[in-house]
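The values are calculated or read from the model by the stated rules, or taken from the named source; none is laboratory data. Since we're looking at a predicted model, the values are computed, not measured. Here the Cβ positions follow ideal geometry from the backbone for every residue, glycine too, while neighbour counts run over all protein chains shown.
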Amino acid sequence: MCGIIGILGNQDVSGRLLDGLRRLEYRGYDSAGICTIHDDQLDRRRAEGKLDNLARKLDGEPLPGIIGIAHTRWATHGAPTQDNAHPHATGEVALVHNGIIENFKPLRDELIAKGRTFTSQTDTEVVAHLISADVEAGMEPVEAVRTNLKRLHGAFALAILFRQHPDLLIGARLGSPLVVGYGENETYLGSDALALAPLTQKIAYLDEGDWVVITRAGTQIYDKDDQPVERPIVNSGVSSLTIDKGNHRHFMLKEIYEQPIVVAQTLKSYVRRLDDQVSLPTPDFDLSAIRRVTIVACGTSYYAGMVAKYWFEQFARVPVDIDVASEFRYRQPVMEDGGLALFISQSGETADTLAALRHARSEGQKIAVVVNVPTSTMAREADLLLPTHAGPEIGVASTKAFTCQLAVLAALAANLARAKGRLDPREEKEVVRHLSEAPAAINGALAYDEAIEAMAHLIAPARDVLYLGRGTDYPLALEGALKLKEISYIHAEGYAAGEMKHGPIALIDENVPVIVIAPSGPLFDKTVSNMQEVQARGGKVVLISDYDGIQAAGDGCMATITMPKVHPLIAPIVYAIPVQLLAYHVAVLKGTDVDQPRNLAKSVTVE
Ligand code: F6R
């Protein structure tokens with residue numbers, strides 16, 4: 001993963017590089033580093049851990065220079081130490097890298113056999129040595145980069161400096177994103193437009209295999225066959241304002257509280273209250289001809305996809321396959337020509353999902369993308385782009401993007417159902433009415449924040465926690481468990497409530513809290529039966545339901561959380577709130593780093 005930025009500037013760059021890294025920290029925060037050229041030398045500052053450590057180092061030892069590169073790391077090869085922090089450098093070449101060099105071992109062996117010495121355990125350092133070896137042998141930097149890019153297998157976005165060429169910055173991308181930014185007598189490289197937003201809005205997105213030579217005389221992009229190409233310069237439209245936490249203690253809490261507004265904002269693009277119709281962008285293919293949908297995503301976005309499977313099958317009667325992206329491509333899935341493949345992603349950059357998207361396209365699928373970052377690679381590669389309007393999500397644990405994804409997916413399910421002749425105008429009106437109730441119902445759910453905070457201490461001491469749900473509440477159980485484990489570091493699992501008796505029930509004792517998500521409705525009684533099986537074995541249950549549900553089954557529970565009564569269609573959107581708040585408050589009690597939990601990154605750009 002990792003985030004990279006480079007500046008060929010006309011004034012000192014290290015402060016601006018650091019600022020760019022702050023905007024890229026969502027891509028990893030294991031270590032960070034900056035390299036500039038001054039006094040004919042490559043000079044680096046690197047620090048283990050969060051960016052503040054690097055900032056402190058720069059305060060103590062400022063780094064002059066009007067050209068520089070910088071990196072924030074999510075460790076793949078080698079521990080998150082200072083030695084493994086980028087930029088990696090020889091005496092002649094320094095570079096930063098996002099991605100994985102899969103053939104680094106043979107390359108490293110070859111370079112060691114030639115007498116080169118490595119100072120890190122990273123895959124990246126081989127690239128610095130490969131290019132440096134050729135430069136030291138007299139090859140021009142541009143030629144050395146061109147030749148050696150061909151030797152790299154895997155994924156990379158690179159920004160490269162050369163000690164003897166203080167007016168030269170070279171970038172390259174394959175599999176990992178890289179943009180070129182055009183400023184006033186300055187040129188930039190960045191993992192995304194967000195990193196460059198305070199510097200420029202004029203952005204060119206590099207294509208797969210592109211590489212770029214930036215000098216004071218101008219910028220030249222080459223394609224994968226080394227032919228000079230032009231890439232359109234567009235206005236990124238990305239705000240340069242720094243996003244803050246407002247009055248909230250963490251970004252995650254702020255984002256949880258934004259949900260009534262952002263879900264309403266998202267719905268506004270997909271439902272028309274005027275005539276109570278769902279209204280999606282018209283695809284350039286015939287929705288009514290779609291016979292099968294393949295949904296692919298990762299993590300929380302995958303759980304949104306699982307909810308959508310229930311909806312697509314129930315409303316549109318279209319069969320749905322769903323896969324986590326990391327499995328999809330490698331299991332040789334069978335897809336009918338002309339099928340619809342639907343990709344769901346907050347970032348639009350998740351490497352596994354992106355690779356799956358490209359695979360589906362190569363198999364003749366129409367590509368629909370539900371994505372939160374409108375400038376992302378997935379957004380740009382979609383046939384049918386369905387943006388969520390959640391706004392920037394900074395907390396690593398996804399919250400508002402999830403509920404906005406559900407809002408879009410519900411509208412898509414209704415649209416598909418209408419196209420298939422499975423939803424008459426009266427039913428469509430009902431769907432629109434229920435969806436439109438979601439923002440107020442989310443507000444109603446947020447009103448229980450204090451009650452949830454007060455009961456978080458019941459969960460915080462647990463070593464293991466189980467979440468149970470049926471129907472669309474089953475993916476929510478999985479999502480609840482994911483939220484809890486990623487931010488509180490408590491082991492948690494989600495199960496389909498009916499599946500408990502096939503094994504997991506053996507885990508039940510008085511030390512394992514069981515969170516049961518059971519809005520009153522058609523599946524309520526069945527879920528409650530499963531809950532009672534847990535209670536009969538001494539299990540301590542937290543029941544999340546509405547007033548009727550709590551009245552009917554709340555007795556004997558360790559705690560209950562009362563939700564507003566909502567239609568089953570929007571229950572997964574509304575019940576996401578207590579699940580998020582519970583994980584949040586438990587994490588706060590445990591004193592973890594809620595917004596940047598250990599070992600994680602917001603955008604997972606390696607396979
Ligand atoms: C969990 C979480 C992750 C992401 C996953 C996919 O809170 O945030 O599981 O959902 O990494 O990321 P996107 O949606 O950006 O493709």
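Among the residues of the range 383-402, write down those that are within 14 Å of the ligand (Cβ to nearest atom), in a loop (DSSP other than H, G, I, E, B) and in contact with a strand residue (DSSP E or B) (Cβ under 9 Å, 6 or more places away or on another chain). Across the range 383-402, the qualifying residue is only T388. Of all residues in the range 464-493, those that are under 18 Å from R598 (Cβ atoms) and part of a strand (DSSP E or B) have Cβ atoms under 8 Å from Cβ atoms of residues that are at pLDDT 95 or above and away from the ligand (no atom under 14 Å from the Cβ), 6 or more apart or on another chain, in H491/R463; H491/D464; H491/V465; A492/D464; A492/V465; A492/L466; A492/Y467.
Within the range 494-514, restricting attention to residues that are touching a Pro at 6+ places or on another chain (Cβ under 9 Å) and either within 15 Å of D473 (Cβ to Cβ) or aliphatic (A, V, I, L, M) (or both), the residue that is surrounded by the fewest Cβ atoms within 10 Å (Cβ to Cβ) is Y495.
Just one of the listed residues (G348, G299) is within 12 Å of the ligand (Cβ to nearest atom), under 19 Å from L478 (Cβ atoms) and either out of contact with any Cys (no Cβ under 6 Å at 6 or more places or on another chain) or at pLDDT below 95 (or both), and it is G299. Among the residues of the range 403-420, are any within 16 Å of the ligand (Cβ to nearest atom), in a loop (DSSP other than H, G, I, E, B), within 28 Å of A587 (Cβ to Cβ) and touching a Ser or Thr at 6+ places or on another chain (Cβ under 8 Å)? Within the range 403-420, not a single residue is within 16 Å of the ligand (Cβ to nearest atom), in a loop (DSSP other than H, G, I, E, B), within 28 Å of A587 (Cβ to Cβ) and touching a Ser or Thr at 6+ places or on another chain (Cβ under 8 Å).
Yes or no: the range 268-279 includes at least one residue that is assigned to a helix (DSSP H, G or I), within 16 Å of the ligand (Cβ to nearest atom) and buried (at least 20 other Cβ atoms within 10 Å of the Cβ). Taking every residue of the range 268-279 in turn, none turns out to be assigned to a helix (DSSP H, G or I), within 16 Å of the ligand (Cβ to nearest atom) and buried (at least 20 other Cβ atoms within 10 Å of the Cβ). Restricting attention to the range 528-545, the residues that are β-branched (V, I, T) and either out of contact with any Pro (no Cβ under 9 Å at 6 or more places or on another chain) or over 15 Å from T560 (Cα atoms) (or both) add up to 2.
For the range 286-296, the candidate set comprises residues that are surrounded by fewer than 20 Cβ atoms within 10 Å (Cβ to Cβ) and either of a type outside the set (A, V, I, L, M, F, W, C) or under 28 Å from the mean Cα position of the chain (by Cα) (or both); within that set, the residue that is nearest to the ligand (Cβ to nearest atom) is R292.
The C-beta contact set for the range 556-570 (first residue farther than 25 Å from W311 by Cβ, second residue among the charged types (D, E, K, R), distance under 6 angstrom, 6+ apart or interchain) comprises M558/K540.
Each row is one residue, and each column tells you yes or no for (1) among the hydroxyl-bearing types (S, T, Y); (2) within 26 Å of the chain's Cα centre (by Cα); (3) at pLDDT 95 or above.
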| position | (1), (2), (3) |
| --- | --- |
| I112 | no, no, yes |
| G115 | no, no, yes |
| T124 | yes, yes, yes |
| G171 | no, yes, yes |
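Would you be able to say whether some residue in the range 397-415 is more than 27 Å from the chain's Cα centre (by Cα), buried (at least 17 other Cβ atoms within 10 Å of the Cβ) and charged (D, E, K, R)? Looking through the range 397-415, none of the residues is more than 27 Å from the chain's Cα centre (by Cα), buried (at least 17 other Cβ atoms within 10 Å of the Cβ) and charged (D, E, K, R). The set of residues in the range 312-343 that are part of a loop (DSSP other than H, G, I, E, B) and touching a Cys at 6+ places or on another chain (Cβ under 9 Å) is empty. Checking each residue in the range 325-339 for being farther than 25 Å from D207 by Cβ and either buried (at least 24 other Cβ atoms within 10 Å of the Cβ) or of a type in the set (D, E) (or both) picks out E327, E336, D337.
Do we have any residue at all in the range 331-342 that's away from the ligand (no atom under 14 Å from the Cβ), at pLDDT 95 or above and either under 25 Å from A289 (Cα atoms) or of a type outside the set (A, V, I, L, M) (or both)? There is at least one residue in the range 331-342 that is away from the ligand (no atom under 14 Å from the Cβ), at pLDDT 95 or above and either under 25 Å from A289 (Cα atoms) or of a type outside the set (A, V, I, L, M) (or both).
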